[in-house]
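Asks: Before anything else, here's the structure in question.
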Amino acid sequence: MTLTVKVISPDTTILDTAAEEVILPSSTGQLGILTDHAPLISALETGVLRFRKDKAWAAIALTGGFAEVEENEVTVLVRSGELGSTINAEEARKKLEDAEQALAGIKAEDKQGKIQAEQNLRMARARLQATTPI
């Protein structure tokens, strides 16, 4: 038996497939979902969603959102997402370095700038992690 996995952003469906297992970046830590999982709704952090299909793992970098699990269907609503297979690892590594430098250059009194820089850093880190499924 498999799960139906849908990852949807406001402007596109990022993923709509069957999978044997899903690992979500929930707000309380990684959350594994297998078939016949109990119904669940969870907030998601910026991070990497991993899914196993035909015994191979794949990944999606996500920018926060929510997940619902019900009757072997995992529906993930996110602000944005990107399939790991479409991300250039070298470019992602460079963007991570740039995000780290940008955060280091933020002045302590610039609270809004710091929040944005931290979010950029989390997404840059997730994009790099998504380039390697597991």
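Asks: Please state, to two decimals, what the Cα-based radius of gyration of segment 9-60 comes to when divided by 2.2 N^0.38 Å (N = residues). Could you put the intermediate results ahead of the total?
Replies: Details: Rg = 11.4 Å, N = 52, 2.2 N^0.38 = 9.9 Å.
Cα-based Rg divided by the globular estimate yields 1.16.
Asks: Using only the alpha-carbon atoms, how far is helix 89-104 inclined from the longest principal axis of the chain? Give it as 0 to 90 degrees, nearest 10.
Replies: Taking the Cα atoms of the chain, the angle to 89-104 is about 50 degrees.
Asks: Please list 126-132, 75-81, 58-64, 105-111 highest first by mean number of surrounding beta-carbon atoms within 10 Å per residue.
Replies: Values: 126-132: 21.1, 75-81: 18.0, 58-64: 23.1, 105-111: 9.9.
Packing proxy ranking, top to bottom: 58-64, 126-132, 75-81, 105-111.
Asks: Still on this structure: Could you count how many Lys pairs in the chain have their Cα atoms under 22 Å apart, skipping same-chain pairs fewer than 8 positions apart? Write down the numbers at each step before the final one.
Replies: Values: Lys6/Lys53; Lys6/Lys55; Lys94/Lys114; Lys95/Lys107; Lys95/Lys111; Lys95/Lys114.
Lysine pairs meeting both conditions in the chain amount to 6.
Asks: Further question: Can you tell which of Gln119, Thr4, Ser26 lies farthest toward the positive end of the dipole of the chain, using +1 and -1 charges on the Cβ of basic and acidic side chains (Lys, Arg; Asp, Glu)?
Replies: Farthest towards the positive end: Gln119.
Asks: Just to check, using Stokes-Einstein with a Kirkwood Rh over alpha carbon pairs, what's the diffusion coefficient of segment 1-133 at 37 °C and 0.692 mPa s in µm²/s?
Replies: Values: Rh = 15.3 Å.
Here the translational diffusion coefficient equals 214 µm²/s.
Asks: Can you give the helix-only mean residue ellipticity at 222 nm for the chain, where every DSSP H stretch with n ≥ 4 adds -39500 (n - 2.57) and the sum goes over all residues, rounded to the nearest 500 deg cm²/dmol? If you can, show how the numbers build up before the last one.
Replies: Values: 2 runs with 36 residues, N = 134.
Only helices count here, giving -9000 deg cm²/dmol.
Asks: All other residues with a Cβ under 12 Å from the Cβ of Leu24 taken together, and with Lys, Arg as +1 and Asp, Glu as -1, what is their net charge? List each step's numbers first, then the result.
Replies: Working: positive: Arg50; negative: Glu21, Glu45, Glu68.
Around Leu24, the charge tally is -2.
Asks: Under a 1.4 Å probe, what is the accessible area of segment 1-122 per residue, stated in Å²? Walk me through the numbers before you get to the answer.
Replies: Numbers: 7110 Å² over 122 residues.
Roughly 58 Å² per residue, with all protein chains present.
Asks: For the chain, with all protein chains present and a 1.4 Å probe, just round the carbon and sulfur fraction of the accessible area to a whole percent.
Replies: Values: 3910 of 7710 Å².
Summing carbon and sulfur atoms, their accessible area is 51 percent of the total for the chain.
The values are calculated or read from the model by the stated rules, or taken from the named source; none is laboratory data. It should be emphasised that the depicted structure is a prediction, and the values quoted were computed from it without experimental measurement. Glycine gets a Cβ as well: all are built from the backbone with ideal geometry, and neighbour counts include every protein chain shown. For accessibility, only protein heavy atoms count, side chains too; no ligands or nucleic acids. Shrake-Rupley method; radii C 1.70, N 1.55, O 1.52, S 1.80 Å.
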